[in-house]
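Beneath this line is the structure, given in structure tokens, with notes to follow.
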Amino acid sequence: MAILLTHATIATMTAGYGLIEDGALVAEGERIVWIGQTSDIPAQWQTLPAQNCGGRLLTPGLVDCHSHIVFGGHRAVEFEMRLNGASYEEVARAGGGILSTVTATRAASEAELLAAALARADLMIAAGATTIEVKSGYGLTVADELKMLRVARQIAAHRRLRVVTTHLAAHAIPPEYKGRPDAYIDEVAIPSLHAAQAQGLIDAVDAFCEGIAFSPAQVARLFRAAQDLGLPIKLHAEQLSDLKGAVLAAGMGALSCDHVEYIGADGVAAMAAAGTVAVILPGAFYTLRETRKPPIEAFRAAGVPMAVATDFNPGSSPVASLPLSMNMACTLFRMTPLEALQGTTTHAARALGLTDRGTIAPGQLADLCLWDATHPAELSYRIGATPLHTRIFGGRLDA
Ligand code: DI6
Ligand code: FE
């Protein structure tokens with residue numbers, strides 16, 4: 001099956017926006033086979049029934065490279081606690097936070113988790129996502145981490161969405177391992193990693209390197225086990241303090257370091273040297289009313305590619321929308337609308353180690369978004385309204 005789109009303003013996202021005015025695109029099967037000017041469509045495709053885009057903006061389908069959408073329950077009560085003055089760390093230390101979601105996730109059946117995750121995936125799709133990353137990390141036993149990962153793997157069978165899964169057993173220390181994080185790494189994190197890889201459930205390995213979670217030495221041990229299995233690594237680094245997780249992760253060749261509000265100059269330099277992507281998560285910054293911003297100017301100056309993601313999770317970032325995250329990245333962090341769109345297309349794909357999406361070019365997957373917009377900056381500019389007109393997934397328009 002082939003499709004022909006005509007009269008689109010195409011942001012190819014190759015070299016800046018890479019705008020093509022009055023552009024046209026042909027996809028055959030899942031792939032883009034031609035792009036150019038509407039006036040230059042090669043004869044072999046001129047007879048295809050054309051979808052006239054009426055000048056609308058066509059971008060790559062958005063890529064959300066950091067989410068935690070498989071979980072039980074919600075955390076609205078904790079939201080209230082924090083508004084009454086408790087910090088995220090205080091809530092976590094009081095047994096709330098991530099651990100309350102762990103209790104709800106352990107109690108939920110696979111079918112319940114899947115139904116809830118699909119409802120969240122629908123929100124992401126409605127805001128323009130065509131690829132999402134989904135992490136485990138609310139099970140914290142071997143069996144419950146595997147349960148979460150099986151659910152994450154099932155999402156793509158039920159929705160027109162590509163899903164990349166990440167093992168995040170090293171997300172928090174469960175009550176039964178309180179004060180024994182090393183034992184948790186040895187008895188749960190590493191065994192669940194081996195089992196998940198053996199069952200084909202994971203594409204990458206992540207950890208939370210923080211005072212309330214795991215030390216760089218513990219993370220390094222897990223990452224060595226990941227690399228022995230041939231899996232790429234990434235890290236929740238420097239979200240609340242500077243433990244030098246980014247120096248560690250970049251030094252081991254990580255795909256990305258995420259959050260990075262508290263990163264130092266050494267971390268930025270290590271990421272630049274390794275080509276590690278900085279994943280900017282303004283939804284968590286906003287929700288936690290953080291004040292320390294990621295060093296956007298330093299990343300820019302060092303040439304560290306920046307991605308923008310939702311971090312969709314029940315505690316620190318209950319947001320499904322990439323365009324809203326782009327708006328926050330611009331308004332809160334002074335990223336430019338071009339950087340924000342690169343952050344949810346080409347750089348987000350790179351953060352997942354993927355080169356077949358995130359730009360519009362022949363050979364790329366025909367995952368695209370057509371927007372009720374004419375300039376790419378409109379995607380970052382609007383607040384709360386998603387101007388998505390039509391999503392194209394694998395060369396087929398959404399119904
Ligand atoms: N940092 C975050 O922002 C999420 N995980 C993490 O390590 C929060 C997860 C949660 O609060 O449930
Ligand atoms: Fe996260």
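Hey, can you tell me all the residues within segment 302-318 that are buried (at least 23 other Cβ atoms within 10 Å of the Cβ), within 15 Å of ligand 1 (Cβ to nearest atom) and part of a loop (DSSP other than H, G, I, E, B)?
Hits for segment 302-318 are ALA309, THR310, ASP311, PRO314, GLY315, SER316.
Could you look through segment 79-94, keep only residues that are in a helix (DSSP H, G or I) and not hydrophobic (A, V, I, L, M, F, W, C), and pick out the one that is surrounded by the fewest Cβ atoms within 10 Å (Cβ to Cβ)?
So the residue we want is GLU80.
Given the conditions (1) modelled with pLDDT of 95 or more; (2) not in a helix (DSSP H, G or I), which single one is not true for ALA143?
(2)
Would you point out which residue out of HIS68, HIS74, HIS7 is touching a residue at least 12 places away in the same chain (Cβ under 8 Å), out of contact with any strand residue (DSSP E or B) (no Cβ under 9 Å at 6 or more places or on another chain) and surrounded by 14 or more Cβ atoms within 10 Å (Cβ to Cβ)?
HIS74
At pLDDT 95 or above and in a loop (DSSP other than H, G, I, E, B): which single residue out of ARG153, ARG106, ARG160 fits that description? Walk me through how you get there before you give the answer.
On the way: ARG153 fails: in a loop (DSSP other than H, G, I, E, B); ARG106 fails: in a loop (DSSP other than H, G, I, E, B).
Step by step, each of ARG153, ARG106, ARG160 is checked, and only ARG160 is at pLDDT 95 or above and in a loop (DSSP other than H, G, I, E, B).
Say whether the condition of being more than 30 Å from PRO42 (Cα to Cα) and either surrounded by 23 or more Cβ atoms within 10 Å (Cβ to Cβ) or more than 16 Å from ligand 2 (Cβ to nearest atom) (or both) is met by at least one residue in segment 364-378.
Of all residues in segment 364-378, those more than 30 Å from PRO42 (Cα to Cα) come to 377-378.
Pick out the ones that are also either surrounded by 23 or more Cβ atoms within 10 Å (Cβ to Cβ) or more than 16 Å from ligand 2 (Cβ to nearest atom) (or both) and you get 377-378.
Within segment 364-378, one or more residues are more than 30 Å from PRO42 (Cα to Cα) and either surrounded by 23 or more Cβ atoms within 10 Å (Cβ to Cβ) or more than 16 Å from ligand 2 (Cβ to nearest atom) (or both).
Restricting to segment 331-349, name every residue that is part of a loop (DSSP other than H, G, I, E, B) and either acidic (Asp, Glu) or at positive phi (or both). Give the steps one after another, and end with the answer.
Within segment 331-349, the subset part of a loop (DSSP other than H, G, I, E, B) is 334-336, 344-345.
Residue satisfying the conditions is ARG334 alone.
Just to check your reading of the model, which residue among VAL219, VAL260, VAL279 is touching a residue at least 12 places away in the same chain (Cβ under 8 Å), within 19 Å of VAL164 (Cα to Cα) and within 16 Å of ligand 2 (Cβ to nearest atom)?
VAL279
Tell me whether segment 248-260 contains one or more residues that are in contact with a Cys (Cβ under 8 Å, 6 or more places away or on another chain) and either under 15 Å from LEU168 (Cβ atoms) or not in a helix (DSSP H, G or I) (or both).
Within segment 248-260 (the criterion being in contact with a Cys (Cβ under 8 Å, 6 or more places away or on another chain) and either under 15 Å from LEU168 (Cβ atoms) or not in a helix (DSSP H, G or I) (or both)), the answer is yes, since at least one residue qualifies.
The values are calculated or read from the model by the stated rules, or taken from the named source; none is laboratory data. No experiment lies behind these values; they were computed from the predicted model shown. Note: ideal-geometry Cβ built from the backbone for every residue, glycine included; neighbour counts use all protein chains shown.
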